[in-house]
């Protein structure tokens, strides 16, 4: 992916030439509401040949390409007897889909190893109450009731590595608390992930405990560990949810999202892989998240709802957060945006496609591909 320059990022719709650092953008009118025809024309300049990749099950999302663009890993609610997401690997050449997770518990945040032979994902498969929770959710849905959607920061989430040849699983974290949102470094030697384990390992003040009880994501911070799960070190220490970490193409930086302590807004951040040189790249005062590096390493793509609460669109910002911002396609029905697959569920981050692949996004019914 090093030397790619995806067509999607070569063409821009809007440009503000003199934006100050950090990236500052005023609230805009939602063109999808004021002029849907114009919005459709703008989108058509960048996206064509739209086709849906997943059809099975209740919903699917969080899809990511392999480094060679020949596979895509995603999560879907389709496994009989388990209403929660399970992890699947799609061969884009043959169209064959295989289940990667065990079928037990909840799963999320999958990622394919740079060599293509392993898949990492978060799972509660070892939770002793996993089957009981599955049945409770099945019974709830059968009653006609449905919970308001919100992400579950289950304390039994651990990060697992799956060997695609042997079929063996290995628990890499094995620690109480939400361990998820993992990604390998470009050389496969490190894993960055999010965790709220510190809330279980240290004594919280009464105020902190109240915040954590209200929202377990409040304690999420960014960690790095060796690829075998050893030498875990914490990189961030800020009130509010830090999550969705990805390595830069040169492996020297990590981008992530940082929520305000009350969870109302989020901004795009970056830092060196040792946690130093932390930089705030956006200052929009809305929900901006899901950053991912352009293959050149000079820009990051992210999504923001500056156009309206439910309307997330893609932007890019330079690595230092100082230069122009570019707005990408506009479409009211997207749960996220082109290249972005986690917004419909727990948004870990967008991915810029390898040369053999196209760009994808999550819609309410599944994963969609566009060239």
Estimated distance in nm for a label pair at residue 115 and residue 174, the labels positioned 7 Å out from Cα along Cα-to-Cβ:
2.2
Taking 0.36 nm per residue of separation and subtracting the Cα-Cα distance, what length does fully extending residue 283 through residue 50 add?
80.6 nm
Computed lengthening from residue 198 to residue 136, 0.36 nm per intervening residue step minus Cα-Cα distance:
19.4 nm
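What is the gain in length, in nm to one decimal, between residue 149 and residue 310 on full extension, counting 0.36 nm per residue of separation less the C-alpha to C-alpha distance?
Details: separation 161, 0.36 × 161 = 57.96 nm, distance 1.38 nm.
Residue separation times 0.36 nm, minus the Cα-Cα distance, leaves 56.6 nm.
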Of all DSSP beta bridges in region 223-324, what percent run antiparallel (nearest 5)?
95
Going 7 Å from the Cα of residue 272 along its beta-carbon direction, which residues of region 218-253 have the amide nitrogen within less than 12 Å of the resulting point?
252-253
Could you work out how far apart the two model spin labels at residue 208 and residue 163 are, taking each label as a point 7 Å from the Cα in the direction of the beta carbon, and quote it in nm?
4.0
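Rule-based calculations on the coordinates, nothing more; no lab input. Remember, it's a predicted structure, so these values are computed and weren't measured experimentally. Don't worry about glycine lacking a Cβ; one is built from the backbone with ideal geometry, like all the others, and counts go over all protein chains shown.
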